[in-house]
Structure formats: structure tokens, C-alpha cells
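Quick notes on the structure that follows.
The values are calculated or read from the model by the stated rules, or taken from the named source; none is laboratory data. What you are looking at is a predicted structure, and each value in this text was computed from that prediction instead of being measured. Positions of Cβ are backbone-derived with ideal geometry, glycine not excepted, and every protein chain shown enters the neighbour counts. All accessible areas refer to the heavy atoms of the entire protein, side chains included, with ligands and DNA or RNA removed. Shrake-Rupley method; radii C 1.70, N 1.55, O 1.52, S 1.80 Å.
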Amino acid sequence: MGENTIPPTGRRRPLRRALVAGALSVLGAATAFAVPTTAGAAAGTLGAAAAQSGRYFGAAVAAGRLGESAYVTTLDREFNSVTAENEMKWDATEPTRGSFTFGSADRIVDHAQSRGMKIRGHTLVWHAQIPGWVQNLSSAADARAALTGHINGVMGHYRGKIHTWDVVNEAFADGGAVGSLRSSIWTQRIGNGFIEEAFRAARAADPNAKLCYNDYNIDDADAAKTRGVYNMVRDFKARGVPIDCVGLQSHFGQVPSNYRRNIEQFAALGVDVQITELDIGGSGTAQADAYRRVVEACMAVSRCTGITVWGVTDRYSWRSGDTPLLFDGNYNKKPAYDAVLNALNNATPNPPTDPPSGACSATIATTNSWQGGFQSTVTVRAGSAPVNGWTVRWTWPGGQSITSLWNGEPTGSGSTVTVRNASYNGSIAAGSSVTFGFTANGTAATPTATCTSP
């Protein structure tokens, strides 16, 4: 229903016609004070608006554009998550077997971390953009060794920095029978079980990263390709194969009428849903309405945890002729931008999901802001096993500094903040959470926080 056929992610290929379609001060107990602000004020940027409900709103980024002032200004102001367009793919990271190159990807990661942004990893295993040596793998044993070696090398390099990895990308065939996989070096050498093998290797490589299956044309709840992915996820969850989320690429001309139901059906399997590569062709009111519908569909499902648009500006979009993004070629906000911002600001708070292992997670949410300062709450959540003691860390993106903190013990100074549990809230039952709070000077920010437990 309005489903579009899209060429694979990545290189700018011609579109098929079917795609119309701080230092820490004041330690100890909380201090009472008055704050001159209006509660519930709407956020003024996409990332800040998404963070209010515990989500992210990100953009795909090209390392080569990070020297362009307008590009970086828009990226830093509006988004709180990034995905590398091509810089983390196999041909970029391991062009020669066992020899890894991370320069361009590191540039994106360093930029994001310096500004407190989340980072999605894209992508580990794919049939496209692979170097010749991968295409020439001669046996199942050789292919398995290459697959595991690549996952270990890339995920090991970025361990603790990437919140979600697209482990396997676009493995299902378009059309045809439900559950049919596309022919690739992986199916030819390993067989259909390569997806499961990749996810198991990824969990071992970074137990705290979310592991996602990502694909296009799985937006229509009833399409054969969607049903195939759904059946795989259901099977994986039943058998304990590690999978934490499904990525909907959502390159649209027309949004399927059952898009929200599709998000709901995947979420009901016990996985998160992330909209990973959103762009919608068109202009004006029609484009704005389509973007609004997509964002509202995600906001309506608690396990829809974030949205990434595939690019910052129409100028560099792989679909530039369709003007599919939220900023035009001159970085002006389009009507679709306003529609998305309003939909994000209208979302209800979204409680964080459990971390994938028995570790802990931490999420920062701004609860109040005023000229020159803000107040935030940090939720520390245990996963599938109890936590006995926790430490939360984050890095301020722009000179913020804490003035008061309660229900935690802060240490250190500078832009990196470390907060340990108080004497009374270090033990958290499995699946439960505790909170601590703080006030700070500077512009309100919700940087990515990490949590560790002994």
C-alpha cells in the first residue's frame, strides 16, 4: 500500500521510477532554589525535542562535509545522533583482509562525541560495498572467518561508543515468497544461517550495543518482505538469538497507511524499532503531512526509540531531485521541518528499554530550562540482572557545568562528568530503575550517558 522499491543503501545511484514513491561544584545534597521558567516549554530543535521523550533524532553524515560551515552548523544545532553514510561499511573499514582503516569514520565519531551525540553504526554485514577479497571468499569456513573477523575488528574498535549497530543490512529479497533471502556471497558460502551467525558474533564483540536488522521495503505491515523479516525476528527471539531492534529505512514517496501498525507489530515481538534512513520526496504541505505521519507513528509506540533522516540537506541527498529532506539546498527549514518539530514536541515521555545484557543504562532528560541554565533528571536502569553499584559518565557538548546534584556522588572536573551511586541507591533490581538529578549552567543539553556496574 504505497510501498516503494528502493535501491540499496549507500552510493548515489539513479533512482528506479518506482520511487515516487565543567567543573563540578556543590557536592552532596540537593539545594532548594527557584527557576524562572515555564514548565513544559517546547524545544526549539529536533534533537532536543526528541530527547524530551527519551528518543533521538539523527542524521546520516558524510565525513567529507564536516569542513563545510553551514553543514556542521545545522548538524550540531539540530541533531543528537549521527550515522555514517558510507564510512563504516566494509569497503571503507577493511579494504584489505585484516587491515582496518578507520580515519574517516573516526572523524565522524570524534565530532559526535565532542558534542554529546549518540552514534549509530552502519553497517557490518551487507551484500554491497564489499571489497574484492570478500567477493572471492572460496569456502564456508573462509567466509565465516572473514565475517567474524570483520565484526570483531570494527565493533572492537568502536566498543562503548556505538549505541546501535546495523549488524545485517538488506538480506531479504524483494517480492517473491515470504522469507526468501537475496543471493549474496553470504548465502552462497554460508547459507541462510549467516544472519544468525552475524548476530551471535556481534553480541560477543560488544555485549552492550543494541543489535539491529536493517532493511528497505519493510514498511508495509502486510508485504511479503515485511512478513519474512517479522518471522525471522520472532524466531530469533524464541530461540534466544541476540537481536534488539529492527531498522525501517523508510525511503518514501507515499507513506503506507498501515505504517504505525507495522511499528507496533515489530515492537510486540520484544524488540525496539528505529527509523533509520528516512527521506520523503515532495514539497510543501504534502511533504510536511507525510513527515508528520511518520513521526507521529513512531511517537505512538514506546519501543520506537529514534529517527534518522538520510542526510542533512537536499543539496547532498542521494534523492536530491525529489527534495526529500527537512532542509533545502540552502539549509533553510522547510514546512516538513516544522511538522516534525511539532510532532516531536507533542510526544509523551518514553521510558528507556532494558539494556541488552545484565548491565545498566543511563538516560538524561531535561526537565526544566531558563536563560543560562537548566535542570535534568538521569534515569539509571538495570537490565536482566540486578545491579549492585553504578557509575554514570557523560561529556558536555558546549561548556555546561553542574551547579547542584542530588541522589548521586559526583567526582572529577572538566567537561567529562562522572557520577557514582549514593550510599542508599546503588542496588537496583533487575528491570528496575533509580534516578538522580542536577542543575547546570549553560545551554540545555542531553548528551549520551554511559553506565557501568562492578
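If the reach is capped at under 14 angstrom between alpha carbons, list the aspartates and glutamates near K210, excluding any in the same chain fewer than eight residues apart.
D166, D244, D272, D354
Cα to Cα, under 21 Å, and not fewer than 8 places away if on the same chain: which lysines meet these conditions relative to K225?
Within the straight-line limit of under 21 Å, K225 reaches these lysines: K237.
For the chain, what is one quarter of the convex hull surface built on the Cα atoms, given in nm²?
20.7 nm²
Give me the distance between the Cα centres of the range 222-261 and the range 159-219, rounded to whole Å.
Measuring centre to centre over Cα atoms gives 12 Å.
Rounded to whole Å, give me the distance from the Cα center of the range 403-449 to that of the range 274-349.
Using only Cα atoms to place each centre, the spacing works out to 32 Å.
Largest first, what is the accessible-area ranking of S427, S114 with a 1.4 Å probe?
S427, S114
If you scale each eigenvalue of the Cα gyration tensor by 5 and take the root, what three semi-axes come out for the range 79-126, rounded to whole angstrom and sorted largest first?
Square roots of five times the eigenvalues give 21, 11, 6 Å.
For the chain, give me the percentage of DSSP beta bridges that are antiparallel, rounded to the nearest 5 percent.
Percentage antiparallel, nearest 5: 55.
How large is the accessible surface per residue of the range 48-102, computed with a 1.4 Å probe and reported in Å² as a whole number?
Heavy-atom accessible area per residue stands at 30 Å².
Beyond 13 Å, what share of the Cα-Cα pairs of the range 245-306 remains, rounded to the nearest whole percent?
Tail of the P(r) past 13 Å holds 57 percent of the pairs.
Return the lysines within reach of K334: Cα separation strictly under 25 angstrom, same-chain partners fewer than 8 residues apart disregarded; answer none if there are no such residues.
Partners found: K118.
Would you calculate, for the chain, the mean residue ellipticity at 222 nm contributed by helices, counting each DSSP H stretch of 4 or more residues as -39,500 (n - 2.57) and dividing by all residues, to the nearest 500?
Taking each H run of at least 4 residues, the total per residue is -8000 deg cm²/dmol.
In nanometres, what is the gap between the two model label sites at E409 and W133, each 7 Å from Cα along Cα-to-Cβ?
4.9 nm
So how strong a dipole does the range 235-390 carry about its Cα centre when Lys and Arg Cβ are +1 and Asp and Glu Cβ are -1, to the nearest 20 debye?
About 160 debye.
So for F199, F102, what's the accessible-area order with a 1.4 Å probe, most first?
F102, F199
Mind checking the per residue accessible area of the range 395-454 for me, 1.4 Å probe, whole number of Å²?
Spelled out: the 1.4 Å probe surface of the range 395-454, per residue, equals 42 Å².
Just the number, please: carbon plus sulfur as a percent of the accessible area of the chain, 1.4 Å probe, no ligands or DNA/RNA counted.
It is 49 percent, rounded to a whole number.
Along the charge dipole of the chain, Cβ charges K/R +1 and D/E -1, which of P386, I108, N86 sits furthest on the positive end?
Final value for the positive-end residue is P386.
Quick one: dipole size for the chain, taken about the Cα centre, charges +1 on Lys/Arg Cβ and -1 on Asp/Glu Cβ, in debye to the nearest 20.
Result for the chain is approximately 280 debye, rounded to the nearest 20.
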